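Chemist: Before I ask anything, here is the structure I am working with.
The values are calculated or read from the model by the stated rules, or taken from the named source; none is laboratory data. Only a predicted model underlies this, so the values are computations on that prediction, with no experimental measurement involved. Heads up, the Cβs are rebuilt from the backbone with ideal geometry, glycines too, and the neighbour counts pull from every protein chain shown. Ligands, DNA and RNA are stripped out before the accessible areas are found, and what is left, the full protein with its side chains, is counted by its heavy atoms. Shrake-Rupley method; radii C 1.70, N 1.55, O 1.52, S 1.80 Å.
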Amino acid sequence: MANVSSIPISLERAGSRISVAGRLVSRYGLVVVLAWIGAGKYVKMESRVLIEHSPLLSWLYDFLSYRTVATSLGSMEIIAAAFIAVHLRWPRVSAIGSALAVVLFLGTLSFLFTTPGVVDTLADGFPVLSAQPGQFLLKDLVLIGVALWTLGDSLEAAQRKRVNSR
């Protein structure tokens with residue numbers, strides 16, 4: 001029977017397995033989120049108001065319909081997801097998907113600063129984000145972090161693969 005003093009050592013031994021699980025959930029969770037949000041843009045356009053107020057992207061509506069912009073963004077999200085998913089076989093392709101995801105999330109995060117109604121109220125001088133769009137947009141801060149990690153991890157894997165193939 002294990003005694004109480006051996007519990008920290010057992011947890012430390014489990015650390016690498018927990019890290020592997022975290023990496024898998026992070027990578028393929030990002031894949032699911034990107035693909036799901038991308039597919040959603042084919043059936044409903046939730047980002048129209050966000051894009052209309054964006055100095056970076058509003059000009060798209062001068063040339064393209066709302067539907068075309070939505071499906072184009074959705075397609076880019078689905079492509080990024082598919083590319084990230086092939087990490088084990090093609091890490092360079094995965095790096096391209098991760099870089100695309102970073103760009104997409106940067107665009108989404110920019111809406112925090114350009115969309116009216118993001119800050120709902122002030123509570124003792126602290127800005128409180130509205131549920132929509134504020135809190136919805138804030139999640140992309142974590143997603144961009146995961147995308148940056150998958151980008152670096154894929155680039156390192158591509159380098160290892162190149163070195164090992166020599």
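Chemist: Residue 49 is checked against (1) more than 17 Å from the chain's Cα centre (by Cα); (2) under 26 Å from residue 94 (Cα atoms); (3) touching a residue at least 40 places away in the same chain (Cβ under 8 Å) and fails just one. What number does that condition carry?
Modeler: Among (1) more than 17 Å from the chain's Cα centre (by Cα); (2) under 26 Å from residue 94 (Cα atoms); (3) touching a residue at least 40 places away in the same chain (Cβ under 8 Å), the lone unmet condition for residue 49 is (2).
Chemist: Same structure again: Taking into account only those residues within segment 128-166 that are among the charged types (D, E, K, R) and under 25 Å from residue 47 (Cα atoms), which is least open to solvent (accessible area, probe 1.4 Å)?
Modeler: 140
Residue-wise test of (1) over 29 Å from residue 53 (Cβ atoms); (2) at pLDDT 85 or above; (3) touching a His at 6+ places or on another chain (Cβ under 7 Å).
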{"residue": "77", "(1), (2), (3)": "no, yes, no"}
{"residue": "101", "(1), (2), (3)": "no, yes, no"}
{"residue": "121", "(1), (2), (3)": "no, no, no"}
{"residue": "138", "(1), (2), (3)": "no, yes, no"}
{"residue": "149", "(1), (2), (3)": "yes, yes, no"}
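Chemist: Go through segment 52-74 and give me each residue that's open to solvent by 50 Å² or more (accessible area, probe 1.4 Å) and either more than 20 Å from the chain's Cα centre (by Cα) or β-branched (Val, Ile, Thr) (or both).
Modeler: 52, 53, 55, 59, 62, 63, 64, 65, 66, 67, 68
Chemist: Continuing with the same structure: Taking residue 94, is it closer than 30 Å to residue 160 by Cβ and surrounded by 19 or more Cβ atoms within 10 Å (Cβ to Cβ)? Steps first, answer last, please.
Modeler: On the way: closer than 30 Å to residue 160 by Cβ: yes; surrounded by 19 or more Cβ atoms within 10 Å (Cβ to Cβ): yes.
For residue 94, the condition - closer than 30 Å to residue 160 by Cβ and surrounded by 19 or more Cβ atoms within 10 Å (Cβ to Cβ) - is met.
Chemist: Ok, one more. Just name the residue that is nearest to residue 34 (Cα to Cα) out of those in segment 106-145 that are without any contact (Cβ under 8 Å) to a residue 24 or more places away in the chain and β-branched (Val, Ile, Thr).
Modeler: Checking each candidate, the answer is 142.
Matching residues to (1) out of contact with any Asp or Glu (no Cβ under 6 Å at 6 or more places or on another chain); (2) hydrophobic (A, V, I, L, M, F, W, C):
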residue	(1), (2)
38	no, no
43	yes, yes
46	yes, no
52	yes, no
56	yes, yes
78	yes, yes
